[in-house]
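Notes to accompany the following structure.
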Amino acid sequence: MKISLNWLRELVDLPGQVGIGWQDLATRLTLAGIEVEGVTHVGAGLSGAVVAEIRGKRRHPKADKLTLVDVFDGQQVTQVVCGAPNVPEPGEVGRSTRVVWARPGATLPSGACLGERDVRGIVSPGMLCAEDELGLSEDHGGILLLTPEDGIDIGADFAVSTGLPDTVLDLNVTPNRPDCMGHVGVAREVAALFAREGARLHLPEVDLSSYYGDTPAVSVEIRDPVGCPRYTARVLTGLRVGRSPLKARLRLQRLGVRPLSNLVDATNLALLEWGQPLHAFDLAQLVGSRIVVRKAVSGETLTTLDGVVRSLVPGDVVIADGERGVALAGVMGGKSAEVTATTTAVLLEGAYFDPTTIRRTGRRLKMHTEASHRYERGVDPNQGLLRASARCAQLMLEMGGGTIAPALVDIYPQPIEPGRLALRAQRTRDIVGADIPAAEQVRLLTSLGLSVVSDGITGAEVLQVSVPTFRPDLTREIDLIEEVARLRGYDTVTPRLPRMRIADDERTQDARRLAMDGLLSDRARDLCAALGLSEVQNFSFVSPDRLRALGFPADDRRSQPITLQNPLREELSTMRTQLVPGLLEALRRQISHGIDDVRLFEVGEVFLKRPESDEYRALCIRNTALSGPLAEGVRVRAATCLTADKMPVEERARVAGVLAGHRDHFLNAGPGDSIDVFDISGLVEELARGLGLGGQAGVRVRVARPGEVPWLHPGVAAVVEDRQGRAIGEFGEIHPDLRQRLSIEVVAFAFELDLPQNLPEAPTFAPLPRFPAVTRDLSFFVDAPISAGDLLRDLRGAGETLLSDVQVMEDYREKGRVPEGKKGMLFGLTYRHPERTLTDEEVQKAHDGVVRHLRGQVSIDLR
């Protein structure tokens, strides 16, 4: 939301305004929750430029592209050399085209100070200015041309006459503050923030009585009072369509609105002033001089002002005349009744539309306009609407002439009344943590336009507050407390520790669950950082193309992401089902910047679809009948009553990493010392052990089946499984085809694992052994498909108490020396007693027991 500082000063009387600059306003507004994101200075440094009338024009004798222009500044005629291609011919004195002449001694926003200079043998005093030279825009196509209708006298100072210089503040207005979507709302905030300095709100007064005249009658009918609780119409006739005065055009331009015509510009000026969207219909194009507000008919279409044919549904609200739709309510007008150059009479619409309906229509049609931006947040259905409509009519009549009907057509079947809230002064003090007297609370709330009646201010101190309809965000006592704290200043509150209390069992369980999730995530981050990886944080939203690039089959949940209804952009339109896509994009960026050795990780959530539960479907059916502005919120809040396993979305915490480049060494790594699959395997092993996934958890690693992990190289991919055989992760080399699609030119390796449900047990420590160990080798042939990991598990599960360690020593498969279909395995078994030295007989007995156990599990031939 762009705000003109000069316009703001017209609405707020600030004593000593010279001493209150834009920096003070920006600081106060930001601290009060209305963040100032940017500042633009328009026309700063411009002085000495006046409006002059063209009296003569002729070609420069020594240059075909230069023109000698005679300009009159109200006192004398001066010849100026001009190189612009759009110098007009002189017309009737007093009615000819006017230009901006920067006389000698003038200063431009660029810092240039003008004087007299020789141009091809002719002295030119100053220059005729283009828009960019005046600091108005980037346009340098020609000099700025004015007409008498612009309302600036010959010889007048251009900057003063057009409201320059000006400062434009770019505000980040949160969705709960629709009152600040116009200059009046921001001015009300400024007046409240500077109330101690004597600031007073000064709203423009509108008197249309001098424009009253005979106008044709119109009728308005509301058939959808839910979608449109209030509709007003004003009829203006005898209008002339033309350009708006220059001051109005420049004001619109610096606030980001393109001037069109005086009638349309009037609606935009009223919108920017009051935050109330208005629309002008060409009265001659309204069949039967009639307005009908109704729901759209199934299959109905409407051509909007942008020339696009829109397909409507029964949930949309349509503004129609006696025969067809002429506007999409709250979003955009229709082409059939737009104001054109031949328009002489208009019907000016001022209405209040249901925010939820407008939001739903705008999102479905992917239309976001200045009108829908405000309607979907909620405008003032009472005084704000009426005063904005009157102000717009006044501007139309001032800029286009004509007359207006004395009576306002106002259909308001169920008036929306101001809200009433009770505020306990002591509750405010408890929440804010500061001693704020009740009288000060009254003063602060009153400065915002709220009406406050104190009930027993010296006793119970309960304030009865009437909340005007331009503040729909104030619905609870805590909202009023926030307003008091905000205006008084959050920086004035002394920090202090809150009082602690024991929560009930249900909340304690929720807190424990959330704490457990946080501890597991922190544990994973600490482990990854200790293993030499650097953390990145990506959005939970990804492009669907990135997920499709992973190559999962259509029936896989990871290829069926949840689509956002209103994404920020296409690249962030789906919820991620894997962490790897974001890490691969980070890897690509690193490599493109010349960083060869990359080790990145991320800990975050992925979101997978699950079939809708019966409880969820029943809940949706029960809430289908809900309507009105609270329906959507009620459904969302009701859905949160279901447990996580009943919701149609599974949220799963994962940890993922990507590696590329060379290993770290004390000495420089050589060309053959690149990271390979064993590095990623060892990293996953250490990470799994640290997260409690190894050891007794029974986690095992197996080679991935063909196509099981399509984003990994088919020959260098592995799957991590839990003891139930469920896949909880994968790791390996990134598939070459995927790297090619993502423009990753180096070999890279990645892993992704589910975080466990519980924290690993704290490690236990044993004293160093006091007695020596005895090592025995165990060598045998076994079927080649049996993995070393399975053999390790079988040996350790022998139940032999003296067996303290088992190590894989050799995996031997040389052809001709190993039977067909077999492999030779060599294990080192360590035996130890914690309290004495073992004898050979004890060691042999224990070793024979381990061998017998292994024979009982698999078929082996001792070597």
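The values are calculated or read from the model by the stated rules, or taken from the named source; none is laboratory data. These numbers come from a predicted model, not from an experiment. Note that we place each Cβ from the backbone using ideal geometry, even for glycine, and neighbour counts take in every protein chain shown. Areas reflect the complete protein model, heavy atoms only, side chains present, ligands, DNA and RNA absent. Shrake-Rupley method; radii C 1.70, N 1.55, O 1.52, S 1.80 Å.
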For the range 758-785, name all the residues that are under 53 Å from the mean Cα position of the chain (by Cα) and touching a residue at least 40 places away in the same chain (Cβ under 8 Å). 758, 759, 760, 761
Flagged in the range 268-289 as under 14 Å from residue 335 (Cα atoms), surrounded by fewer than 23 Cβ atoms within 10 Å (Cβ to Cβ) and of a type outside the set (A, V, I, L, M, F, W, C), in numbering order, are 282, 285
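Taking residue 132, is it under 43 Å from the mean Cα position of the chain (by Cα), without any contact (Cβ under 8 Å) to a residue 24 or more places away in the chain and open to solvent by 20 Å² or more (accessible area, probe 1.4 Å)?
So residue 132 fits the description; yes.
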Members of the range 545-556 that are among the hydrophobic types (A, V, I, L, M, F, W, C) and either open to solvent by 40 Å² or more (accessible area, probe 1.4 Å) or in contact with an Asp or Glu (Cβ under 9 Å, 6 or more places away or on another chain) (or both): 554
Output the number of the condition that residue 349 fails; it satisfies all remaining conditions of (1) open to solvent by 10 Å² or more (accessible area, probe 1.4 Å); (2) part of a loop (DSSP other than H, G, I, E, B). (2)
Selection within the range 136-189 - among the small types (Gly, Ala, Ser), within 31 Å of the chain's Cα centre (by Cα) and under 27 Å from residue 12 (Cβ atoms): 182, 185, 187
Which numbered condition residue 66 misses (of (1) modelled with pLDDT of 90 or more; (2) surrounded by fewer than 20 Cβ atoms within 10 Å (Cβ to Cβ); (3) closer than 30 Å to residue 242 by Cα): (3)
Given the residues 234, 196, 249, 200, which is the only one that is more than 30 Å from residue 35 (Cα to Cα), open to solvent by 10 Å² or more (accessible area, probe 1.4 Å) and of a type in the set (Lys, Arg)? 234
Pick out the one residue from 582, 594, 604 that is of a type outside the set (Val, Ile, Thr), more than 28 Å from the chain's Cα centre (by Cα) and either part of a loop (DSSP other than H, G, I, E, B) or at pLDDT 90 or above (or both). 594
Residue satisfying all of: in the range 153-180; of a type outside the set (Asp, Glu) and open to solvent by less than 10 Å² (accessible area, probe 1.4 Å); farthest from residue 483 (Cα to Cα) among these: 158
Filter the range 520-544 down to residues that are surrounded by 13 or more Cβ atoms within 10 Å (Cβ to Cβ) and part of a helix (DSSP H, G or I) and give me whichever is farthest from the chain's Cα centre (by Cα). 527
Taking the range 329-346 only, how many residues are free of Cβ contacts under 8 Å to residues at least 60 places away in the same chain and either of a type in the set (Val, Ile, Thr) or open to solvent by 30 Å² or more (accessible area, probe 1.4 Å) (or both)? 5
Is at least one residue of the range 786-802 under 29 Å from residue 722 (Cα atoms), within 59 Å of the chain's Cα centre (by Cα), of a type outside the set (Phe, Trp, Tyr) and open to solvent by 70 Å² or more (accessible area, probe 1.4 Å)? yes
Considering only residues that are of a type in the set (Gly, Ala, Ser) and surrounded by fewer than 18 Cβ atoms within 10 Å (Cβ to Cβ), look in the range 292-307 and name the one that is farthest from residue 411 (Cα to Cα). 307
Restricting to the range 56-100, name every residue that is of a type in the set (Asp, Glu) and either under 14 Å from residue 119 (Cβ atoms) or within 53 Å of the chain's Cα centre (by Cα) (or both). 64, 73, 89
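In the range 557-575, which residue that is in a loop (DSSP other than H, G, I, E, B) and touching a Ser or Thr at 6+ places or on another chain (Cβ under 6 Å) is surrounded by the most Cβ atoms within 10 Å (Cβ to Cβ)? Let's see the steps before the verdict.
First, pick out the residues of the range 557-575 that are in a loop (DSSP other than H, G, I, E, B): 560-562, 564-569, 573.
Restricting the remaining residues to those that are touching a Ser or Thr at 6+ places or on another chain (Cβ under 6 Å) gives 561, 564, 567.
Numbers: 561: 24, 564: 12, 567: 13.
For the range 557-575, the residue satisfying everything is 561.
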